[in-house]
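The values are calculated or read from the model by the stated rules, or taken from the named source; none is laboratory data. As the structure is a computational prediction, the values presented were derived from the model and not from experiment. Virtual Cβ from ideal backbone geometry, glycine too; neighbours counted across all protein chains shown.
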Amino acid sequence: MINRLTIEDMLQRLSIKPVNPAWSTGKETGDDTSTPFDSFSPVDGQLIASVGSASADAYDRVIEQATAAFGQWRMIPAPRRGDIVRQFGEALRSHKQDLGMLVSYEMGKSLQEGLGEVQEMIDICDFATGLSRQLYGLTMQSERPQHRMYEQWHPLGIVGIISAFNFPVAVWSWNAAIAWICGNVCVWKPSEKTPVTAVACQQLMARVLAENGIPEGVSCLVQGGRSLGEELAGDHRIALVSATGSTRMGKSVAAATAARLGRSILELGGNNALIISQHADLDVALPAAVFGAVGTAGQRCTTTRRLIIHEAVYDTFRQRLVNAYGQLRIGNPLDEQNHVGPLIDVDAVRQYEAAIASCLREGGHFAVAGTVLEGAEYVSGCYVRPCIAEVEPYFEIVKQETFAPILYLMKYRTLEEAIRIQNEVPQGLSSAIMTQNLREAEQFLSVAGSDCGIANVNIGTSGAEIGGAFGGEKDTGGGRESGSDAWKAYMRRQTNTINYSDKLPLAQGIKFDV
Ligand code: NAD
């Protein structure tokens, strides 16, 4: 079991000094103590650190430093930049246990998931290292004689990263590792709810950059809340803003970046459904549904929020779910015996209670009731019981993303109906079907199937590998990050035509004799 001493040890092993800078451009850090904010652990309610917020002047200095660093970083060959990202991956490997524990303690996810989040960072560093030798452009056939036409990819400049509390470090690394190998520099504004994990990551990278003689400004951190995020989104010096968070936040970032014709990648809320067909292997479907719904206490963007179950297996599956929920152990997420940890803060608990009340008002019936837990182990006030509600798909509450472990069950008769229910929400992040029937699986994946960015067969909605492009449609924002060719969003494409003849033929055969 973890105690205060373990936390102090862990911070010391990570050599996070200081733990509360308001900004950092690498080795250099600064403190603006005027409007500090506190990071309390949802695990036990203890104060981890009081962190400074970057003032407007400090923010400006950071952006100037990043702008200067871009001029140098972009000139370093991409494979060499990739090697530096590889070294960052090595640093993460050697600090995986401590960083994973810090993620778990500051955010409240289970230790296994905290370690998994650091593993995801390591994986993206490996991916980015290989990618640094593969930033390919096409060669095209010119219609003019003795002409060569091709395209190449150049970095954008400063990539601003705004991240959410629920993946306090992995989302930054998905963006930063790819942005760096592409030749960009990064300015990160982490969630104000998880500032200390951000300092730990920033300092690990700062050490790697310094060891390689790289100037300040390639990796920067600015601490603050919504207003700092708004400043960053509206700042014309930031070429690309990659923002992860609520749909409300994404709409604001989209408007601010569009108004200055800047670029954005938006990774926003989800409302993910799992279809359980009458042809499903229920032994596979059960753990997928339970982990999807209660993992990270329902605070993943890919959390399974809706189960759309065929009427022929509805009662059986509902009973198996109720039995499984009866086995869940809720408590300190650093104790590996527990399955479910706390919500991030008491505001999140209020939202959980409000959603349950709305569901009851609309006529929902709870197969497993939700409650806020009390007692010595739950002293932070952030622990809730995962619950299961039987609902109709048209309920208003079912269309909203409540960031808590509330699972909605609904029945269907035909696959067309199930797909329609699945698609009939504003969000479009992740989706899945459990079936052993090939026709059903293919129909779900077809153009008339799921409208989400992620569509799985016989695995749950939650969790994704870094090799694929990650993101979703509709209110989820349309952005793609991480694997596949998502790197192209971090670069600008340039088309080059070279004439090596002694004539000047014009395109489309146009004649212009002088
Ligand atoms: P949030 O929107 O409250 O905050 C996210 C970040 O945005 C924070 O750093 C915050 O300071 C900043 N911010 C808030 N308002 C802003 C504004 N107007 N302009 C600029 N920045 C602003 O979200 P949260 O509660 O931290 O995270 C939960 C949400 O994030 C959920 O909706 C979840 O689905 C979503 N999320 C999505 C993904 C994805 O990849 N699609 C991943 C993780 C989380």
Quiz item: How many residues are touching a helix residue (DSSP H, G or I) at 6+ places or on another chain (Cβ under 8 Å) and polar (S, T, N, Q) when one looks only at region 70-92?
Solution: 1
Self-check item: Where residue 117 falls short, out of the listed (1) of a type in the set (D, E, K, R); (2) outside the structural domain of residue 211 (by TED's automatic domain parsing); (3) buried (at least 20 other Cβ atoms within 10 Å of the Cβ)
Solution: (2)
Quiz item: So which residues in region 176-199 are more than 16 Å from the ligand (Cβ to nearest atom) and either surrounded by fewer than 24 Cβ atoms within 10 Å (Cβ to Cβ) or under 19 Å from residue 59 (Cα atoms) (or both), if there are any at all?
Solution: 183, 184, 185
Quiz item: Which one of these does residue 495 not meet: (1) touching a residue at least 60 places away in the same chain (Cβ under 8 Å); (2) part of a loop (DSSP other than H, G, I, E, B); (3) away from the ligand (no atom under 16 Å from the Cβ)?
Solution: (2)
Quiz prompt | Unique match (being buried (at least 19 other Cβ atoms within 10 Å of the Cβ), modelled with pLDDT of 95 or more, within 16 Å of the ligand (Cβ to nearest atom) and closer than 30 Å to residue 170 by Cα) among 468, 479 | solution = 479
Practice problem: Filter region 240-268 down to residues that are within 20 Å of the chain's Cα centre (by Cα) and more than 13 Å from the ligand (Cβ to nearest atom) and give me whichever is farthest from residue 27 (Cα to Cα). | Solution: 263
Quiz item: Which ones in region 323-358 are touching a residue at least 40 places away in the same chain (Cβ under 8 Å) and of a type in the set (Asp, Glu)?
Solution: 335, 336, 345
Practice problem: Pull up region 412-431, narrow it to residues that are more than 16 Å from the ligand (Cβ to nearest atom) and within 26 Å of residue 296 (Cα to Cα), then point me to the one that is surrounded by the most Cβ atoms within 10 Å (Cβ to Cβ). | Solution: 422
Practice problem: Mind listing whichever residues of region 91-132 are closer than 16 Å to residue 176 by Cβ, part of a helix (DSSP H, G or I) and more than 16 Å from the chain's Cα centre (by Cα)? | Solution: 91, 92, 99, 126, 127, 128, 129, 131
Quiz item: Which of the residues that make up region 92-115 are out of contact with any Ser or Thr (no Cβ under 7 Å at 6 or more places or on another chain), in contact (Cβ under 8 Å) with a residue 12 or more places away in the chain and over 20 Å from residue 195 (Cβ atoms)?
Solution: 93, 96, 97, 112, 115
Practice problem: Select from region 31-58 the residues that are among the hydroxyl-bearing types (Ser, Thr, Tyr) and more than 24 Å from the chain's Cα centre (by Cα) and write down the one among them that is surrounded by the fewest Cβ atoms within 10 Å (Cβ to Cβ). | Solution: 34
Quiz item: Conditions: (1) buried (at least 24 other Cβ atoms within 10 Å of the Cβ); (2) part of a helix (DSSP H, G or I); (3) small (Gly, Ala, Ser). Residue 280 meets all but one. Number of the miss?
Solution: (2)
Practice problem: Run down 448, 507 and say which single residue is within 28 Å of residue 417 (Cα to Cα) and either of a type outside the set (Ser, Thr, Tyr) or under 22 Å from the mean Cα position of the chain (by Cα) (or both). | Solution: 448
Self-check item: Hits in region 135-151 - residues which are part of a loop (DSSP other than H, G, I, E, B) and surrounded by 12 or more Cβ atoms within 10 Å (Cβ to Cβ)
Solution: 135, 137, 142, 144, 146
Quiz item: Somewhere in region 444-461, is a residue among the acidic types (Asp, Glu), modelled with pLDDT of 95 or more and within 25 Å of residue 167 (Cα to Cα)?
Solution: yes
Practice problem: Take residue 297 and decide whether it is of a type outside the set (Val, Ile, Thr), more than 22 Å from residue 167 (Cβ to Cβ), buried (at least 22 other Cβ atoms within 10 Å of the Cβ) and not assigned by TED's automatic domain parsing to the domain that holds residue 21. | Solution: no
Quiz item: Can you name the residue in region 211-239 that is more than 16 Å from the ligand (Cβ to nearest atom) and out of contact with any Asp or Glu (no Cβ under 9 Å at 6 or more places or on another chain) and is also nearest to residue 108 (Cα to Cα) among such residues?
Solution: 219
Practice problem: Tell me which residues, restricted to region 299-311, are outside any loop (DSSP other than H, G, I, E, B) and more than 16 Å from the ligand (Cβ to nearest atom). | Solution: 307, 308, 309, 310
Quiz item: Taking only pairs six or more apart or across chains, which ones have beta-carbon atoms under 9 Å, a first residue in region 243-264 that is more than 20 Å from residue 167 (Cα to Cα), and a second residue that is more than 6 Å from the ligand (Cβ to nearest atom) and in a helix (DSSP H, G or I)?
Solution: 256/232; 262/256; 263/257; 263/489
Quiz item: Are there any pairs with C-beta distances below 8 angstrom linking a residue in region 359-373 that is in the same structural domain as residue 385 (by TED's automatic domain parsing) to a residue that is of a type in the set (D, E, K, R) and loosely packed, with under 12 Cβ neighbours inside 10 Å, with the two at least 6 apart or on different chains, and if so which?
Solution: 362/396
Quiz item: Just one of 219, 227 is surrounded by fewer than 16 Cβ atoms within 10 Å (Cβ to Cβ) and among the hydroxyl-bearing types (Ser, Thr, Tyr); which is it?
Solution: 227
